[in-house]
Amino acid sequence: MENLKYTIIDHPLVQHKLSLMRDVTTGSKEFRELVSETSMLMCYEAMRDLPVKSVDIQTPLGIASSKIISGTKLAFVPILRSGLGMVDGVMGLIPAAKIGHIGTFRDPETTSTVEYYCKLPKDISAREVIIADIMLATGGAATEAVNLVKKAGSQKIKFMCLIATEQGIAKVNAAHPDVEIYCAAVDGSLNDQLFIVPGLGDAGDRMYGTK
C-alpha cells in the first residue's frame, strides 16, 4: 500500500525489547515488564513535539534559562484489555496525565468491532490524547476508539501500538487522517482469526497468562 502515514520508532532499545516479546518462550511476567518498558520508550518519542516555554530557574548557584512543557494537558486511553499493559510505562513519564478506558471486541460472526465500555476523563476535550493498544490489526478497534474520543471533544489524538499491519494503518488513515500513528514494527499479514502474522500472539493472553 502506498502513501500510508505512520512513524516507526526504530530505537535499538525498542527493537530489542520487541524481539524479546515476540519470542514464544518469553513468560507472562517478563512479557508484562517488556510491554511497560517499551511503552515508556515509545511515549518518549511520541511526545517529542510537546510545546515548551522558556523559564528562569533559580539553581543553588545562579539563574538557569530552562524549558518546561507549556500548558498541554494529556490523557492516555488504553483499549482493553491488552492496552492496559502499556499504562504503567507511559504514566512513569507523565504521572499527571489522566486515564480513560475503552473496551471493544470483534464480533466472531461479522468481524465488526463492538464497543462494550467507554469511560473518559470529563475534561478530555481540553487534553491531548494518546490511545494505546499493543496491536493494530484490522484497524477496527483503533478507528472506533478514535471515534469515541473525538465524540467526547478531543481535538488532538495520537495512536500508539507495538505492532501494526498496513491494512490497519490504512483503515485508521482513511477514517482519521489527522491521527498520528506510532508503532515499533509493521508486519505483513493477518491469519484466518485476524491475528497479526508473525506478530507476537494474543498479547492479552501472554500478559495475563490466560492462553
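No value in this document is a laboratory result; all are computed from the given coordinates. In this text, all values refer to a predicted model and were calculated from it rather than measured experimentally. Glycine also receives a Cβ, built like all others from the backbone with ideal geometry; neighbour counts cover every protein chain displayed.
Quick look at the numbers
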{"read-out": "Fraction of beta bridges assigned by DSSP in the chain that are antiparallel (%, nearest 5)", "value": "40"}
{"read-out": "Debye, to nearest 20: dipole size of the chain, +1 on Lys, Arg Cβ, -1 on Asp, Glu Cβ", "value": "700"}
{"read-out": "Helix runs (DSSP H) in the chain reaching 20 Å along axis by Cα, Kyte-Doolittle at least -0.5", "value": "28-46"}
{"read-out": "Expected-Rg normalisation [2.2 N^0.38 Å, Cα atoms] applied to segment 134-211", "value": "1.13"}
{"read-out": "Restricting segment 1-46 to trypsin sites (Lys or Arg not before Pro) in coil, as DSSP defines it, with at most 13 other Cβ within 10 Å", "value": "K5"}
{"read-out": "Segment 120-137 - phi-based ³J(HN,Hα) in whole Hz, Karplus 6.51/-1.76/1.60, Gly and Pro as x", "value": "10, x, 4, 9, 4, 5, 9, 10, 7, 10, 10, 8, 10, 8, 5, 10, 10, 8"}
{"read-out": "Projected-area average for the chain over all orientations - Cα convex hull basis, square nanometres", "value": "13.5"}
{"read-out": "Trypsin sites (Lys or Arg not before Pro) lying in DSSP loop within segment 52-131, provided at most 10 other Cβ fall within 10 Å", "value": "K122"}
{"read-out": "Shape box of segment 1-99 [Cα atoms, principal axes, largest first, Å]", "value": "54, 38, 28"}
{"read-out": "Of K53/K98; K98/K158; K151/K171; K17/K67, those spanning more than 26 Å from alpha-carbon to alpha-carbon", "value": "K17/K67"}
{"read-out": "GNM top mover of P51, P60, P177 - the chain, alpha-carbon springs below 10 Å", "value": "P60"}
